[in-house]
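Presented below is the structure to which this report refers.
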Amino acid sequence: MENDLVSKEEFVIKVEELISNGDGPFSIAVADIDNFENINKIYGYPIGDEVVKKLISVFKQNLSGTDLMTRHGDELNLLLVKKGAERSFMEMEEIRRYLSDNTFNLSDKSKTENVYITVSCGIASYPRDAKNAVELFRVADSAMFRAKKLGKNKVCLSEAESMVLKSSYFTKTQVDRLSELSKETEKTEAFLLREALDDLFKKYSK
């Protein structure tokens, strides 16, 4: 992701460009910070701003260079290029889980607070869910509101679909070290494991 954020106009132009080129599948994800008003009330607006910055940073670390991100208040819109519903769901779910599993030390000029951040996220995919930009945003928004209704800290697709996650087994030390590395790098554990697998394939593809 070359730039952290683009304007909403640039974001919509890119979505429309992909649609007019028939360049699917791609997805739009709407991620909304849970209980953001409470965060501002409890910690103050400067820490609230740091929460948004932290979120942008985490998304940036875990998405592709071609993906785009725009901010609207306490909501982030993400354009996931060349990613259908399933791939987008997995990426957003990994980020949601990373946030949910950690707390973050955030500082304004006068204090540092340990803050717990969760997001509710809705996903809509082209061409499966909608054939134009306006409709895609509407579907992604309604999926996000469904995630809120279901108790927040959730990722919802445009309709109830189940994802199958593959289980793997690791030693406790490996899991602990992976968790520490995840926190240090702001990358999700799944992202780091995929990176390691790519290195593994390179090593053995003689």
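The values are calculated or read from the model by the stated rules, or taken from the named source; none is laboratory data. Just so it is clear, the structure is predicted and the values come from calculations on it, not from any experiment. For neighbour counting, all protein chains shown are included, and Cβ atoms are generated from backbone atoms with ideal geometry for every residue, glycine included. To get the accessible areas, we keep the full protein, side chains included, count just its heavy atoms, and leave off ligands, DNA and RNA. Shrake-Rupley method; radii C 1.70, N 1.55, O 1.52, S 1.80 Å.
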Exposed GluC sites (Glu not before Pro) absent: longest stretch of the chain, with sites in DSSP loops and at most 12 other Cβ within 10 Å deemed exposed: 3-158
At 1.4 Å probe size, what's the solvent-accessible area of residue 199? Round to the nearest 10 Å². 90
The chain -> Rg/Rh from Cα coords, Kirkwood Rh, value 0.98
Which value in deg cm²/dmol, rounded to the nearest 500, describes the helix-derived mean residue ellipticity at 222 nm for the chain, given -39,500 (n - 2.57) per DSSP H run of n ≥ 4 and division by the residue count? -16500 deg cm²/dmol
Most fluctuating residue given options 96, 128, 177, as computed from a GNM of the chain linking Cα atoms under 10 Å: 177
Considering only Cα-Cα distances, which of the following residue pairs are longer than 26 Å: 41/148; 154/203; 53/131; 54/154; 8/109? 154/203; 53/131; 8/109
How do 155, 134 stack up against each other in accessible area, from largest to smallest, with a 1.4 angstrom probe? 134, 155
